[in-house]
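What follows is a short report on a single structure.
The values are calculated or read from the model by the stated rules, or taken from the named source; none is laboratory data. Note that the structure is predicted; figures quoted are calculated from it, not measured. We place every Cβ from the backbone using ideal geometry, glycine too, and count neighbours over all the protein chains shown.
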Amino acid sequence: MDFSVYKILIVDDIPANVWLLKVMLEQSGLQVFTAENAEEAFNRLTKEKIDLILLDVLMPDVNGFELAERLKNNPDYQEIPIIFLTALNTPADIVKGFHLGAGDFISKPFNKEELLVRVRHQLTLLEAKRTIQRQTAELKKTIAGRDALYSVIAHDLRLPISSLKMTLNVLILKMEEQQIGGREILEMIQSANEISEQLFTLLDNLLKWTRSQLGKLEAIPQDINLAELAEGVVEVFSMIAATKKIKINFQSSPVGDTGIFVDIDMIKTAIRNLLSNAIKFSYSGSEIDVVVESDEREVFLSVIDRGCGISPHDQGKLLDVTTPYTTFGTGHESGSGLGLLLVNEFMKLNNGRLFFKSEEGEGSTFSFALPKKER
């Protein structure tokens, strides 16, 4: 460190002490300013950007402890570290000084080497703190720029991808194999439909996750029937699952009401993500069950697959927001790792909860529960 760039303020009413300290510190290359009392200290602080204050405790009128308290209560000066210079060395005085925000104590009479070591130590801590603050500000700026970029990209691409997805859905539903030139063309359209669905899900997740991290995502609840909502999502995803020769079975308990008061878009996105993951990690030719049921207080939705399952070690990573976890599916499908994090976030915003169980090599069950609509 280049200590010559730092400015030290000595506050002491005894000229001999001030002179001695000033000589010691200036010989070490530090810039030194002096004040004999609290009034002079504040005058100096208004003129110079002081980095460290050496403050005598025993001064007339306003003593060092009182001056320190004033400094720490002033937003302009409260971050300046203080080293008390004092002949008082009782535990009570030392504790009082630290309670007032002191960085260190130097006992009188002071030793030059000890004085310089303690001063340099405080300046080193100060520089480290400033470095952290600068890096934190730069990191926040970088994150804000990244999130804004993600949001713009996802928002601008979401509409055309959504239109493409709907067009492909209609083609698959309305056109027969003979009308479009044979099985090969149909499979190509089905594959394009699956890719468009995956891309739409990725962009939708990215946009919503960015908004949630910026605190701009709020639930707008409406009355819906979870069974009816889930059945509609299953109908769309059955076409996607068919390209992997996977069958989706939908079951809704005939007993109990499945009415809930939630944000429709959030819950639909949650179901879509759970189904997308189930297809991704299921084997060709297997089945997926989507079950909606309820009890006296909650409505439950479970997506049950017979796929590759998740190891106990990896299960602990699924909801870790610091490192979104993703791995390849059974058909080498990739993912972003945002899906489950978003589902978990949506459950919290709608007073629900996400839970799961999985056995490696046997499959997984991902479920969420939402409070029933009050009658």
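Among what's in the range 347-365 and is farther than 16 Å from residue 298 by Cα and of a type outside the set (S, T, N, Q), pick the residue that is nearest to the chain's Cα centre (by Cα). Let's see the steps before the verdict.
First pass over the range 347-365, keeping only residues farther than 16 Å from residue 298 by Cα: 356-365.
Pick out the ones that are also of a type outside the set (S, T, N, Q) and you get 356-357, 359-363.
Details: 356: 23, 357: 25, 359: 29, 360: 29, 361: 32, 362: 33, 363: 30 Å.
Among those that are farther than 16 Å from residue 298 by Cα and of a type outside the set (S, T, N, Q), it is 356.
From the list 43, 73, 63, 37, which residue is over 23 Å from residue 2 (Cα atoms) and under 34 Å from the mean Cα position of the chain (by Cα)? Working first, answer last.
Numbers: 43 fails: under 34 Å from the mean Cα position of the chain (by Cα); 63 fails: under 34 Å from the mean Cα position of the chain (by Cα); 37 fails: under 34 Å from the mean Cα position of the chain (by Cα).
Going through 43, 73, 63, 37 in turn, just one is over 23 Å from residue 2 (Cα atoms) and under 34 Å from the mean Cα position of the chain (by Cα): 73.
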For this session: Return a yes/no flag: does the range 2-25 have any residue that is at pLDDT below 90, of a type in the set (A, V, I, L, M, F, W, C), more than 17 Å from residue 118 (Cα to Cα) and in contact with a Leu (Cβ under 7 Å, 6 or more places away or on another chain).
Result: no
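Taking the conditions exactly as written (over 17 Å from residue 248 (Cα atoms) and in a loop (DSSP other than H, G, I, E, B)), does residue 332 satisfy them or not?
Numbers: over 17 Å from residue 248 (Cα atoms): yes; in a loop (DSSP other than H, G, I, E, B): yes.
Yes.
If only one of 251, 315 is surrounded by fewer than 17 Cβ atoms within 10 Å (Cβ to Cβ) and under 17 Å from residue 364 (Cβ atoms), which one is it? Don't jump to the end; show me each part of the working.
Numbers: 251 fails: under 17 Å from residue 364 (Cβ atoms).
Among 251, 315, only 315 is surrounded by fewer than 17 Cβ atoms within 10 Å (Cβ to Cβ) and under 17 Å from residue 364 (Cβ atoms).
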Problem set entry | Matching residues, the range 325-359, being in contact with a Phe, Trp or Tyr (Cβ under 6 Å, 6 or more places away or on another chain) and modelled with pLDDT of 75 or more | 329, 330, 338, 342, 347, 352, 354, 356
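From the list 267, 240, which residue is at pLDDT 90 or above, surrounded by 19 or more Cβ atoms within 10 Å (Cβ to Cβ) and out of contact with any strand residue (DSSP E or B) (no Cβ under 6 Å at 6 or more places or on another chain)? Let's see the steps before the verdict.
Working: 240 fails: at pLDDT 90 or above.
Among 267, 240, only 267 is at pLDDT 90 or above, surrounded by 19 or more Cβ atoms within 10 Å (Cβ to Cβ) and out of contact with any strand residue (DSSP E or B) (no Cβ under 6 Å at 6 or more places or on another chain).
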For this session: Take residue 259 and decide whether it is of a type in the set (Gly, Ala, Ser) and exposed (fewer than 14 other Cβ atoms within 10 Å of the Cβ).
Result: no
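Quick check on the range 285-303: of everything there that is among the acidic types (Asp, Glu) and either without any contact (Cβ under 8 Å) to a residue 24 or more places away in the chain or outside any strand (DSSP E or B) (or both), which residue is surrounded by the most Cβ atoms within 10 Å (Cβ to Cβ)? Break it down stepwise before answering.
Looking only at the range 285-303, we keep the residues that are among the acidic types (Asp, Glu), and these are 287, 289, 293, 295-296, 298.
Still in the running and either without any contact (Cβ under 8 Å) to a residue 24 or more places away in the chain or outside any strand (DSSP E or B) (or both): 295-296.
Numbers: 295: 12, 296: 6.
Among those residues, the one meeting the criterion is 295.
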Problem set entry | Total residues in the range 136-162, condition modelled with pLDDT of 75 or more and surrounded by 12 or more Cβ atoms within 10 Å (Cβ to Cβ) | 3
For this session: Could you grab the pairs with beta carbons closer than 8 Å, sequence gap of 6+ or different chains, first residue in the range 112-137 and without any contact (Cβ under 8 Å) to a residue 60 or more places away in the chain and assigned to a helix (DSSP H, G or I), second one surrounded by 11 or more Cβ atoms within 10 Å (Cβ to Cβ) and of a type outside the set (Ser, Thr, Tyr)?
Result: 114/106; 118/83; 118/104; 118/106; 121/104; 125/81; 125/103
